[in-house]
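Here the structure is laid out as structure tokens; the discussion comes afterwards.
Read-outs: derived from the displayed coordinates by stated rules, not from any lab. All values reported here derive from a predicted model rather than from experimental measurement. Don't worry about glycine lacking a Cβ; one is built from the backbone with ideal geometry, like all the others, and counts go over all protein chains shown.
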Amino acid sequence: MSKSTPVAEELESVAIRFAGDSGDGMQLTGTQFTTTSAVFGNDISTMPDFPAEIRAPAGTLAGVSGFQVHFSSRDVLTPGDAPQVLVAMNPAALKASLPELERSGTIIVNTDAFTKQNLAKAGYKSNPLEDESLKGYQVFKVAMTSLNRTALESFDGLSNKEKDRCQNFFALGIVFWMFERPLETTKDWLFKKFAKAPQIAEANYKALQTGYFLGETTETFQQRYIVRPASLPPGTYRKVTGNEAMAMGLVTASTKMGKPLFYGTYPITPASDILHALAPLRNFDVRTFQAEDEIAAMGSVLGAAFGGALAVTGTSGPGIALKSEAMNLGVMLELPMIIINVQRGGPSTGQPTKTEQGDLLQAMYGRNGESPIAVIAPATPSDCFDIAIQAARMAIRSMSPVMILSEGFLANSAEPWLIPDADDIPAIEVKHPAGRHNGDDPFLPYKRDPETLARPWAIPGTPGLEHRLGGLAKAPETGNVSYNPQHNEQMTLERAEKIARLADFIPEQEVFGPEDAELLVVSWGGTFGVVRTAVSRSQRAGQSVAHAHLRFINPFPRNLESLLHRHPKILVPELNSGQLALLIQGKFGVKVEKFNKLQARPLQIGEMREVITQTLGKG
Amino acid sequence: MSETLTNEITLTRKDFVSDQTVRWCPGCGDYSILAQVQRVMPELGVEKEKIVFISGIGCSSRFPYYMDTYGIHSIHGRAPTLATGLAIANPDLNIWVVTGDGDGLSIGGNHLIHALRRNVNMKIILFNNRIYGLTKGQASPTSRVGKVTKSTPMGTIESPVNPISLALAAEATFVARSIDSNPQHLAEVLSKAAAHKGTAFVEVYQNCVIFNPDEWNALSDRTNRDEVTLNLEHGMPLIFGKDKDKGIRMRGFTPEVVSLADVSLDEILVHDATSKPLASILGSMENPEYPAPMGVIRDVRKPTYAAGIMEQIAQAKAKRGVGDLNKLYRNDDLWTVSAREENQSEMAGELPLTLDEEYLDELGRAAVETTPVQDQLTEENVSALNPKVPITVDAGSSLSRAIRQMNRHNIGCLIVTDEEDRLSGIFTERDVLMRVTGLVDDLAHAAIGDYMTPNPIALKADPPIAQALHLMSLHGFRHLPLVDEENRPTGVISFRDVVEYLNRSLA
């Protein structure tokens, strides 16, 4: 054992934040670390945080791109509150990320980037590496740019600029060493990615190795961490983001229906990755359609649903605003379809790359007239897979649009996914009425199934079932245009009852924690991980608290009302100003304590625990 | 199969008449268009169930209700978007879009452009009456400059859009024009549109008898219409007039009307429906300056949108095989958590399961050549180490209480148990040093469960000392819990116990 070999400290979990200019490749660096950790067997959770501008001015706070990965030897539900390690590629990255770093955390900085000019751009009056401002942190100063250039000296074909682009892999190498990660996964990826430019692959790999060896051979780093593989249930895993899981869920649903998947959409952050994941899957009979606008995307979904496909669109809040007209027609036509809203910060254009839960009431009520649709929300990135399949089943059962409320946080975050066996996923039964001949009873396009109240899904091409649908008020059964007041009331109530009856089809609400808990925390969507972790820790600290996380919001699970009355106190934490709280209060008449955050950022475990304690303490 | 292929489709006009009462104003031009569409449909050779009519909003958009086919009366301006989705979902259908100048060119202008450029297989009939009828008489995007309407009492001040020029600019593959007052011509144009593969755009001059009744008088007057319309036939010279005595020739970049008495037939333009420049010229010729061109202005073949998608699907299936979900799920870096590892952590130290291969190898080697100490370590069991009685706490215990207990019992580790007294974690003095000291402010309110090592490796029953040593050296443990068959803690051995044992043995 040489003298310089540092002590390896064993940690249960670590959160690392990679931060640099949006052009520095921080997302890539974070992704590589995540993949390697996942393959190594750690449970992981990630949160990319990048600016809306593709290339904001270099060196400025606006241009800082971050990627946080939390990996652990035990079950991880969140990307971690405060990271313990920060890799800052320039002063702006340091300044933007420092407030979130754990006190006494570790900082690895690229000293070459701490020039007068860059310090000024970040708004530093003096160099934080030289003054007292980083006191209490463990700071590792590495001249990454010059060391990296020296390491790549032999690469004659590369300009300095191209060499500097490898800097992120140099930084990654250091972190790989710190956390004892193997280099193979990243090496394989590099040589696959740059198969056509082997020199680039070589240079990046060399940078990665040099960073790793730097850690191994210099005495700069006195600390090394080991995070052992997590104990997850047996099976084969991969890492998956919410958008990837959503795309795979949709293809699974269409395959299980025996139908083509039609995905009509218009590019919008943070939903576009669903399109990117689906577009290459033509061999699954996936028919993606990039429409001229959000309105056209929704219109095309109506047409495809009429034609008998699994018809889906994906967008974010501003897109839903444009789509509401055609969604409303979907309610009137009573055709099955799925609308995915990957929520972002609002209102208006808001914060395209940030997360929020501000569109719940828009989903519930954002259409003219009485226009109920089913609303469901995934809890975790991998849950998007199950939710997509569930949405298809609900849409077909109710012959009605189903909205999935995902979130930017879920869409871009990754977690390990226990890969299911496709053969174990049950088929989704689709019934189309058979053709008719002269002399048969006339076809009644709005004759409802007595159990589900769904109308028949008769598709063009079926002889004898020719019928006209439209957005005008209709008579029952025939669906003919009717302005009869009784008809209007009957049809409106039936459409509402049809959605309400989906409650017979969805699972009952589960509660985590004791039945007699004083406080029930009720959450929905992407806050699951934080709230569950906080509740679990509060329980372990002896507090009387339970947690109900809603995946089904319209209709609510059948037993929700009795659960709400079972616990003396209800707390609803949301990343909005209290939209679920309003629904629950309005529907069930229970008193609800609210905890709301409007910072377009996920909740934090620490603050959640504080609110639980405060709520329990209230009289 | 051959039966269905050879089966003649015998339909009549009546097969396309729905049971709904037509509710347009008496004298409306829409009646004529409906009648011609119903007349043409049986001649298409298409099964009735494959025909779909889709409309937006407006007078013309009531059309689908009157056709006994599949149909959707959709929303204002959006009919092409529904038609596009339907054509992609089912490329075999024969889809018609019925729209008007307000629906198609104002609120739905964008969709019209993109449906045309994509060449989706749909026939678009645009009823142009140059007025908003259903909303009772406002100016439309095709109203002429100066038109006095309810919304423009002093006359419009906007230039109108030319639907044909717009369609050509959008790269439409089939562009034609007809008029409601000439049923024969209208039926011919609709038949040609129906035969076109791709988006066919047909502008129909249509009379709004209530709000814009005189708009097409000149073109509709039977006695004079041949003087003011130019009937286009592919390959034929552009000649018009009751006596076929006038023609169109080019003068520089401008078409001009000439008398055939003065000009040789060679100079007269010959219609070529495949020529885009000629189509642009014809599209720009507006009455009354020119005779209004009627008939097929442009007709070219390009692949349709849905055919393109289906071709890609076929290619992808040929190249990669029909999609396999299990392969899709696994198309990424994978790792496997085996049941063995799982048992290792959860079942805590069941002997055969905790022995990894490296250890077995070592045991194998040891059998060949062993020292007396090695023999002793593999023969004697951990009970010889005099394991200590475990001090257990539950996960909710506070750190301050835990540390007090460690001090009181003078021990380096606490065993954490669940409600059923089963092993759930271990908390050692090293944890105090690394995770607690200086990091946790309020020890009284921090639960040990948050700082312990969960599901620690434990020894079950009474295994050889060698195994305990191996686990300690492999993982760097200073303490190892012992558990019974139910995973309930029965003892703890520490590094110190091993040292004392060795001291005893070597003495």
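Sort region B:177-262 into rounded, prolate or oblate with this rule: let a ≥ b ≥ c be the square roots of the eigenvalues of the Cα gyration tensor; rounded if a/c is under 1.5, and if a/c is not under 1.5, prolate when a/b is larger than b/c, oblate otherwise.
Verdict is oblate for region B:177-262.
Can you tell me the alpha carbon radius of gyration of region A:7-227 divided by the globular rule-of-thumb value 2.2 N^0.38 Å?
Compared with the compact-globule rule of thumb, region A:7-227 sits at 0.95.
Name the shape class, rounded, prolate or oblate, that the alpha-carbon gyration tensor gives for region A:519-617, where a ≥ b ≥ c are the square roots of its eigenvalues, rounded holds for a/c under 1.5, and otherwise prolate holds if a/b is larger than b/c and oblate otherwise.
It is oblate, given that a/c is not under 1.5 and a/b is not larger than b/c.
Ordered by residue, what ³J(HN,Hα) values in Hz, to whole numbers, does region B:446-457 give under the Karplus form 6.51 cos²θ - 1.76 cosθ + 1.60, where θ = phi - 60° and Gly and Pro are x?
Computed from phi, the couplings for region B:446-457 are 9, 8, 4, x, 7, 10, 7, 8, x, 6, x, 5 Hz.
Using a Förster distance of 41 angstrom, determine the FRET efficiency expected from the C-beta separation of residue B:373 and residue B:422, and round it to 0.05.
0.70
Tell me, what does the Kirkwood hydrodynamic radius of region B:393-481 come to in angstroms if you use every pair of distinct C-alpha atoms?
13.7
List the chymotrypsin sites (Phe, Trp or Tyr not before Pro) within region B:201-304 that DSSP assigns to loop and that have no more than 11 neighbouring Cβ atoms inside 10 Å.
Loop-located and lightly packed - B:253.
Given the protein assembly as shown, what percent of its DSSP beta bridges are antiparallel, to the nearest 5?
Roughly 40 percent of the DSSP beta bridges within the protein assembly as shown come out antiparallel.
Given C-alpha coordinates of chain A, what is the ratio Rg to Rh with the Kirkwood estimate of Rh?
Rg/Rh: 1.02.
Hey, how many Å between the Cα centroid of region A:157-179 and the Cα centroid of region A:249-314?
Between the Cα centres of region A:157-179 and region A:249-314 lies a distance of 39 Å.
Quick check on the exposure proxy: order A:37, B:400, B:74 from fewest to most C-beta atoms within 10 angstrom.
B:400, A:37, B:74
Roughly what % antiparallel, to the nearest 5, for the DSSP beta bridges in chain A?
About 35 percent, rounded to the nearest 5.
Counting pairs of alpha carbon atoms under 8 Å apart in space and at least six apart in sequence, what relative contact order in percent does chain A give?
Value for chain A: 12 percent.
Which loop GluC sites (Glu not before Pro) in region B:137-201, with loop taken from DSSP, have no more than 13 other Cβ atoms within 10 angstrom of their Cβ?
Hits after loop and neighbour filter: B:158.
Could you work out Rg/(2.2 N^0.38 Å) for chain B, with Rg from alpha carbons only?
1.87
Mind giving me the nanometre distance, one decimal, between the label points for residue B:404 and residue B:484, set 7 Å out from Cα along Cα→Cβ?
Using points 7 Å along Cα→Cβ, the separation is 2.9 nm.
Which percent, nearest 5, of DSSP beta bridges in region A:7-227 are antiparallel?
Antiparallel bridges: around 45 percent, rounded to the nearest 5.
Note the full-extension length gain between residue B:135 and residue B:433 as 0.36 nm times their separation in residues minus their Cα-Cα distance, in nm to one decimal.
Gain on stretching residue B:135 to residue B:433: 99.3 nm.
What are the residues whose amide H is under 5 Å from the amide H of residue B:298, where those residues sit 5 or more places off or on another chain and H is modelled from the backbone?
For residue B:298, the qualifying residues are B:175.
Show the residues, 5+ positions off or on another chain, whose built amide H is closer than 5 Å to the amide H of residue A:108.
The list, which skips near neighbours in sequence, is A:86, A:87, A:88, A:140.
Estimate the FRET efficiency between residue B:275 and residue B:145 by the formula 1/(1 + (r/R0)^6), using the beta-carbon distance for r and 30 Å for R0, to the nearest 0.05.
Calculated transfer efficiency: 0.50.
Nearest 10 degrees is fine. How inclined is helix B:357-368 to the longest principal axis of chain B, computing both from alpha carbons?
It works out to around 30 degrees.
Based on DSSP H runs of at least 4 residues, each adding -39500 (n - 2.57), what is the mean residue ellipticity at 222 nm of the protein assembly as shown after dividing by all its residues, to the nearest 500 deg cm²/dmol?
Taken over the protein assembly as shown, the calculation gives -10000 deg cm²/dmol.
Across all directions of projection, what mean area in square nanometres is found for the Cα convex hull of region A:418-471?
Seen from a random direction, the Cα hull of region A:418-471 projects 6.7 nm² on average.
Over chain B, what is the mean sequence separation of C-alpha contacts under 8 Å (at least six apart), divided by residue count, expressed as relative contact order in percent?
10
What percentages make up the Cα-Cα pair-distance distribution of the protein assembly as shown when the bins are 10 Å wide from 0?
P(r) over the protein assembly as shown, rounded to whole percents: 2, 9, 15, 18, 16, 14, 11, 7, 5, 2, 1, 0, 0, 0.
To the nearest 20 Debye, how big is the dipole of the protein assembly as shown about its Cα centre, given +1 on the beta carbon of each Lys and Arg and -1 on that of each Asp and Glu?
That gives a dipole near 2620 debye.
Subtracting the Cα-Cα distance from 0.36 nm times the residue separation, let me have the gained length for residue B:157 to residue B:222 in nm, one decimal.
Net length gain for the segment: 20.2 nm.
Exposed loop trypsin sites (Lys or Arg not before Pro) only (DSSP loop, at most 16 other Cβ atoms within 10 Å): please give the longest stretch of chain B free of them, not including the sites.
Result for the longest clean stretch: B:24-135.
Between the DSSP loop rule and a limit of at most 10 other Cβ atoms within 10 Å, which GluC sites (Glu not before Pro) in region A:102-135 are left?
Qualifying residues, ordered by number: A:130, A:132.
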